[in-house]
Amino acid sequence: MRCAVFAATKRGVESALRLKDGLSCDSVELFLKNDREQEVSAKRFDRLPDAVAEAFQKYDALIFFMAAGIAVRMIAPHLRGKLTDPAVLVADEMGRHIVSLLSGHVGGGNALTLRVADCLGGEPVVTTATDANGLTAPDALATEIGLRPVPKPMIQVMNGALLTGENIVYAIDDALPRQKFFEEALSARGISFVRLSTEEALRAETLTVFITDNDSLRSERLLSLVPRRLVAGMGCRRGIPKEALKKALAEACARIGQDIEAVSVIASTEVKRDEAGLLGLAKDLGIEARFFDNGALQEKIDAYGLEESDFVRGQIGVGNICEAAALCCVRQGRIALPKTKWEKATVALIWEK
C-alpha cells in the first residue's frame, strides 16, 4: 500500500519516522507543514486541508498522528464510498493507540491498523462489529485474497446476519479459474465451503457468499466475491530471459499472498515493446502485454504522485516505469506491491479498485 502520513507535532513526527522505517513492505511518505522539522525529509505543504485533499485521491491509505477530530474534518469533504475510499487511520502522537477510522474492510484499514500497531508497539483500535466479535466479514476476506464484493447492499446484509448468528454458506463457482487457489485460501482460514454452479447459487435458500468471476448475479440471498484484476508493471535489463522474469513475478505475487496465475496483464514502457523476455512471459501466461509511451506514463506519475528515479529518467525520459505502466491499465488502482527490485528486473503489482 502507498501510505501518506501526516504529523503535527515533534513527537508525532518521531512516531511517523519510526513507522516509515518499520513498514518495509509498504511505501510510506511523510507529509509535513513547511515550518515543521526542517531537517526531516518529507513532502511539504502550506495548508493541511489542501494536502489531504490531494493525498485522498493519490494514496491507498492516510495515517494521521494527530487528534481524531482534525482527521475527521480533513477527510469529510472527500468521502465517496466504502468500495473506493482509501483506508484512514488516526493515532496519538506517541503511537500508543492506532484507530482504524475509515475503509476498515474493503480498503484494508483494519489489517493496516494491526501492522502499524505492531510496528509502533501500540494498541490497535478496531471498531467494526464483526471484528469486535471475532468474526470474519466477507468483505474483509475479499480484500485479503484479491476479490471485490458485489453488489454493495449485500455486504451489510451478510455482516448483519453474521452478528445475529444466522447461517451463511461459502461457495465457489465450479467453473471458476484458479479454483484451487481460492479453495486453499478458505481452508487456510478455517472456512468450510461447497462447490456450486451459478444456477445453483442463484437458487440457494440460505445466505450465500459466492466466489465467482460473474459479477452480474443478483439474488436477495447472494453476495458475490469476484476476482480483482491484478496488473504487473515490469521493467528489466535488455535481453533478460523470460525464465528470470517469471521467477521475479512469481516471487512478487507470493509477497502479497497470490500466485502468478492471478496476473491479468503485464505492462511496461514502449521502449520494451520488442523485449523477448516480456513478450514470452506474457505468452506463457496467456495474458496481454501492454506498452505505454512517456506521455501516458508521466500522466500517471503526476496523478498519483509516484516517486521517480533520476537514473530511469535519464534512460527513457520519465522516472517511473513499473507503477506508472500498471496504473495505465486500470481506471483506479491500489498498489499491492510498490516497485520492488530483483537482480535484473523490477516489478510493481496493482489491484484494480
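Taken together, the values in this text are just the output of simple stated rules run on the coordinates, not laboratory data. Keep in mind the model is a prediction, meaning the values are calculated, not measured. For neighbour counting, all protein chains shown are included, and Cβ atoms are generated from backbone atoms with ideal geometry for every residue, glycine included.
What full-extension length gain, to one decimal in nm, is calculated for Arg195 and Ala76 as 0.36 nm per residue of separation minus the Cα-Cα distance?
38.6 nm
From zero up to wherever the largest Cα-Cα distance of the chain sits, split into 10 Å bins and tell me the percent of pairs in each.
Calculated over all Cα pairs of the chain, the distribution is 5, 23, 30, 26, 14, 2, 0 percent.
In the range 121-215, what trypsin sites (Lys or Arg not before Pro) fall in a loop by DSSP, with at most 12 other Cβ atoms inside 10 Å?
Taking the range 121-215 and a limit of 12 other Cβ atoms within 10 Å, the loop trypsin sites (Lys or Arg not before Pro) found are Arg189.
Under a point-charge model restricted to the Cβ atoms of Lys and Arg (+1) and Asp and Glu (-1), what is the dipole moment magnitude of the chain relative to its Cα centre, in debye to the nearest 20?
Here the size comes out at about 420 debye.
Under Stokes-Einstein, with the Kirkwood radius over Cα pairs standing in for Rh, what whole-number D in µm²/s applies to the range 230-352 at 37 °C and 0.692 mPa s?
Estimated diffusion coefficient is 237 µm²/s.
Which GluC sites (Glu not before Pro) does the range 143-243 hold that lie in a coil by DSSP with at most 12 other beta carbons within 10 Å?
Qualifying residues, ordered by number: Glu166, Glu205, Glu220.
Mind sorting Val116, Val5 by how few other Cβ atoms lie within 10 Å of their own Cβ, fewest first?
So the ranking, lowest neighbour count to highest, is Val116, Val5.
Give me the net charge for the shell around Gly122: Cβ to Cβ below 14 angstrom, other residues only, Lys and Arg +1, Asp and Glu -1.
-1
If we restrict to alpha carbons, what Rg and Dmax does the range 1-146 come to, in Å?
Computed over the Cα atoms of the range 1-146, radius of gyration and Dmax are 14.4, 45 Å.
Any idea how far apart Thr164 and Asp284 come out in nm if each label point goes 7 Å out from Cα toward Cβ?
The modelled label-to-label distance comes out at 5.2 nm.
What does the charge add up to near Phe182, with Lys and Arg as +1, Asp and Glu as -1, over the other residues with Cβ less than 13 Å from its Cβ?
-3
How large is the charge dipole for the range 2-127, taken about the Cα centre, if only the Cβ atoms of Lys, Arg (+1) and Asp, Glu (-1) carry charge, to the nearest 20 debye?
Dipole size: approximately 200 debye.
Note the direction-averaged projected area, equal to a quarter of the hull surface, for the Cα convex hull of the range 138-227, in nm².
Dividing the Cα hull surface by four gives the mean projection, 5.1 nm².
Taking amide H positions as placed 1.01 Å from N in the peptide plane, with prolines and chain starts having none, which residues 5 or more places from Asp293, or on another chain, fall under 5 Å of its amide H?
The answer is Glu270.
Which listed residue (Ser192, Val312, Leu297) has the Cα farthest towards the positive end of the charge dipole for the chain, taking +1 on Lys and Arg C-beta and -1 on Asp and Glu C-beta about the Cα centre?
Farthest towards the positive pole: Val312.
With a sphere of radius 15 Å drawn around the Cβ of Leu327, what net charge do the other residues whose Cβ falls strictly inside it have (Lys, Arg +1; Asp, Glu -1)?
Local charge sum for Leu327: +2.
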